[in-house]
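Heads up, the thing below is written out as structure tokens.
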Amino acid sequence: MFDKFIMTTVLLLVSAAAVAAPRLLIAEQSQIAFVVKEMGVPVSGKFNHFQATIDIDLAQLQKSSALIKIDVGTLDTENAEADAIATGPDWLDRGRTQYAVFKSTAIRSLDNNRFEATGKLSIRNIERPIVIQFSSTDQADGKTVIVSDFEIRRSEYGIGGGVWNEGGVVAEAIPVNVRFTLAPVVVKK
């Protein structure tokens, strides 16, 4: 009987010590894409390198967090000349600011697998509050897919100065599509 008590106590202690860690991003199954309209013509692009640390605790959403770091120098529109302009001083200014960063301050549940992240988005060292809605869907293999569509306004971050702001050459609103695939939960013991 005493042996069963000791075994049960050890199992409870090991279980109590098991804590889920933030989910790891599977980069090759994830993307951050955007569409910019130049003179009414859509120009699609994406960022090739980014990091995301996402921890959604459904039992305690107040402990949930998201941190996304995008290397702006990896912008890719499949046009080297356009990419050089977009990452240059008038646009994303990679020489002065290598990363765009989103950091959540709160995450709340909206309804069935829909959430809202409130936080700060920093582009070109200009930080603004932003609210981003997203869905989170668990997959049969233990992975989780997070999807979000939102919009940023160029002028709020000083993106596209000079002739790019004249006469509606480039649209003010930039739609952004995010799809992150997160690895299965890793339990630390």
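Projecting the Cα positions of Asn125, Ile107, Gly73 onto the charge dipole of the range 22-188 (unit charges on Cβ atoms of Lys, Arg, Asp and Glu, taken about the Cα centre) puts Ile107 furthest along the positive direction. Compactness of the range 22-188 was expressed as the Cα radius of gyration divided by 2.2 N^0.38 Å, which yields 1.08.
Taking 0.36 nm per residue of separation and subtracting the Cα-Cα distance, full extension of the segment from Ile26 to Gln98 would add 23.7 nm.
Label zone of Val131 (point 7 Å out along Cα→Cβ, amide N under 13 Å): in the range 82-119 this covers 106-110, 115-119. Centre-to-centre, using Cα atoms only, the range 33-56 and the range 65-103 are separated by 10 Å. Along the chain, counting only GluC sites (Glu not before Pro) with a DSSP assignment other than H, G, I, E or B and at most 14 other Cβ atoms inside a 10 Å radius, the longest segment between sites is 79-165.
Work out, in µm²/s and without decimals, the Stokes-Einstein translational diffusion coefficient of the range 15-90 at 10 °C, 1.306 mPa s, Rh from Kirkwood over C-alpha pairs.
Approximately 105 µm²/s, per Stokes-Einstein.
Relative contact order for the chain: 26 percent, from Cα pairs under 8 Å spaced at least 6 residues apart, divided by residue count.
Throughout, read-outs are computed from the coordinates displayed, never taken from laboratory work. Values in this document were obtained by computation on a predicted structure and should not be read as measured data. Methodologically, a virtual Cβ is constructed for each residue, glycine included, from the backbone with ideal geometry; neighbour enumeration extends over all protein chains shown.
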